[in-house]
Amino acid sequence: MLVLSSLAKVEERVKGLRSGGDDYLVKPFAFSELLARIETLTRRGAPEVQQTTLQVGDLVMNLMSRAVTRSGKAIPLQNREFKLLEFLMRHADQVVTRTMLLEGVWDFYFNPQTNLIDAQVSKLRQKIDKGFDKSLIHTIRGAGYKLSVNP
């Protein structure tokens, strides 16, 4: 938003910017300056819309309600399981290493030398894949895991 005003004091310009203005132009002004400022603001583009739903195949995650469904069936998840699944869904069709999971889900920046990830993925796999014809969570030997419709 471009604010046009005849109020030229520094305090008034600061107030205009702090109240939501992206730019502040004091009257009188040159029309060419106004056009240049408008061009600058339009180059910024529209604000990025945050994604509220993730989907891989028939698995759907609503980030706002923290609800997960597969083929329309609700799947209750613990907080850490939700974060793990969200990370896998955001990296769908990519191999996700254990290190990436440690850093992205657990905020560990070292390898604790435990089977923490394997155990959590196993629990998540029981909830996500058990009872369905097609598995979505795949183990990639020597590399990590992949959430994908196609192995």
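Would you mind finding the one in THR114, THR97 that is among the polar types (S, T, N, Q) and in contact (Cβ under 8 Å) with a residue 40 or more places away in the chain?
Exactly one residue qualifies, and that residue is THR97.
Test of understanding: among ASP133, ASP118, ASP129, which residue is over 22 Å from VAL60 (Cα atoms), of a type in the set (Asp, Glu) and modelled with pLDDT of 90 or more?
ASP118
Exactly one condition in (1) in contact with a helix residue (DSSP H, G or I) (Cβ under 6 Å, 6 or more places away or on another chain); (2) in contact (Cβ under 8 Å) with a residue 24 or more places away in the chain; (3) of a type outside the set (A, V, I, L, M, F, W, C) is not met by LYS146; state its number.
The number of the failed condition is (1).
Between a first residue in region 48-77 that is within 16 Å of GLN126 (Cβ to Cβ) and open to solvent by less than 50 Å² (accessible area, probe 1.4 Å) and a second residue that is of a type in the set (Phe, Trp, Tyr) and at pLDDT below 95, which pairs have beta carbons less than 7 Å apart while being 6 or more apart in sequence or on different chains?
Final answer for the pair search is ARG70/PHE132.
Any chance you could count how many residues in region 24-58 are part of a helix (DSSP H, G or I) and either touching a Pro at 6+ places or on another chain (Cβ under 7 Å) or of a type outside the set (Val, Ile, Thr) (or both)?
The total comes to 10.
Can you pull out every residue in region 95-151 that is open to solvent by 40 Å² or more (accessible area, probe 1.4 Å), assigned to a loop (DSSP other than H, G, I, E, B) and of a type in the set (Ser, Thr, Tyr)?
TYR109, THR114, SER135
The values are calculated or read from the model by the stated rules, or taken from the named source; none is laboratory data. All figures in this text were calculated on a predicted structure; none of them were measured in a lab. Note that we place each Cβ from the backbone using ideal geometry, even for glycine, and neighbour counts take in every protein chain shown. All accessible areas refer to the heavy atoms of the entire protein, side chains included, with ligands and DNA or RNA removed. Shrake-Rupley method; radii C 1.70, N 1.55, O 1.52, S 1.80 Å.
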